[in-house]
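Below is one structure, written out as structure tokens; the observations come after it.
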Amino acid sequence: MSSERRLPFADAATIVRAHQKDVYFESSYRSQLQDILQIFKGQRFINEFPQEITVLSKALYLALTTLIGARTLGEEYVDLIYVNKTGRKLPKLLPRLGFLISYALAPYLINKFVKYLRTKREKRELEGDQSKDSWLVKFFSNYYEVLDTMINIHIAVFYFKGEFYSISKRLFGLRYAYGHHKEPEKMQRGNYSLLGGLIIIQFAVKLLMNLKEFNEEYVKKHSKRKEDDEKSSQQTNSIEDEAKVHSITELSTLSDNFDTTLLIDLADEKQLPYLQDTARNCMLCLSPMVSPSAANCGHLYCWDCIVDWIRENPECPLCRQQCLEQHLLPLR
């Protein structure tokens, strides 16, 4: 081919027809290969390795045509040839080999690798291993969703521009041109732009739905986190209130049941003999003191009497000096 491109690039409709023919011939080639393997390996081998047979038939079909520089049957049917991106040269061996590997072998190998990672992760979950997945596992966990999105976008671009029907051909720059000179006015004007537009609309709708689901999930998580924080705060306040109530109850119990195991009744002359008879009576109940207690001013009263008094009037009944419950000193 000369330095200037003379053959026009093929349009989308012609490329699609060539691809459909190649798919048909690949299927026929697979059936023939399967018949041969069945003779030598048996039906069990065919049932165990259906994917491998499909990959092998596709690789052999492209190796016997595209790799050696020949045209496939579909390309011959509509008279197409491979050229590089500029359309001025024929593609070299290395891009053709890269296309064969990426188109026939790479999807199969990646699929096996993804299944291996998923099996490994499921096994780890069954064993109770809660370790986080590596970035590689996270990436390939969404491999099929990402690949489906990429293929849809690529097909939409192809329908608009009419070039690089497969991602593999785009990667290695293999573009179709007519194998004969074709007048521009005789080239097909129709294209698949409408289909490309429908794919873009479908992709946009899916994207909006995913964004809506993500937003709803985010709002739900945020609301749940807020509810958990409120519950935690309420529980904390409840615990503090219970602690306060418990403390008050203990203090009340201590006051109402003051040291009953060490109860001192001054009606018994043997208890606190150092107190004179005139000082053994309570100034409030005028009876011998029970559990005598001294206020901070030094006056003596029954524990129950003085506690009941200062709860109403926080002062000494005799000298009116300020006196609080925590200032009382039990006598022993």
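Assorted remarks:
- Considering 117, 100, the condition of being under 40 Å from the mean Cα position of the chain (by Cα) and modelled with pLDDT under 90 is satisfied by 117 alone.
- Those residues of the range 23-70 which are in a loop (DSSP other than H, G, I, E, B) and open to solvent by 80 Å² or more (accessible area, probe 1.4 Å), in sequence order: 68
- Yes/no for residue 80 being open to solvent by 100 Å² or more (accessible area, probe 1.4 Å), within 30 Å of residue 9 (Cα to Cα) and either touching a residue at least 24 places away in the same chain (Cβ under 8 Å) or out of contact with any Pro (no Cβ under 8 Å at 6 or more places or on another chain) (or both): no
- Whichever residue in the range 274-288 is more than 20 Å from residue 313 (Cα to Cα) and assigned to a loop (DSSP other than H, G, I, E, B) and, among such residues, is farthest from the chain's Cα centre (by Cα): 276
- The residue of the range 83-115 that is most open to solvent (accessible area, probe 1.4 Å), among those that are among the hydrophobic types (A, V, I, L, M, F, W, C) and not in a helix (DSSP H, G or I), is 90.
- Pair list, Cβ < 7 Å and 6+ apart or interchain, from the range 209-226 residues that are on the phi < 0 side of the Ramachandran plot to residues that are surrounded by 10 or more Cβ atoms within 10 Å (Cβ to Cβ) and aromatic (Phe, Trp, Tyr): none
- Matching option when the condition is under 25 Å from residue 271 (Cα atoms), open to solvent by 40 Å² or more (accessible area, probe 1.4 Å), in contact with a helix residue (DSSP H, G or I) (Cβ under 9 Å, 6 or more places away or on another chain) and in contact (Cβ under 8 Å) with a residue 12 or more places away in the chain, among 307, 290: 290
- Residue in the range 56-73 that is without any contact (Cβ under 8 Å) to a residue 12 or more places away in the chain and under 41 Å from the mean Cα position of the chain (by Cα) present: no
The values are calculated or read from the model by the stated rules, or taken from the named source; none is laboratory data. Everything numeric here is computed off the predicted structure, so don't read it as measured data. Please note: Cβ atoms are built from the backbone with ideal geometry, for glycine as well, and neighbour counts cover all protein chains shown. Remember, those area values only see protein heavy atoms, side chains included, never the ligands or the DNA or RNA. Shrake-Rupley method; radii C 1.70, N 1.55, O 1.52, S 1.80 Å.
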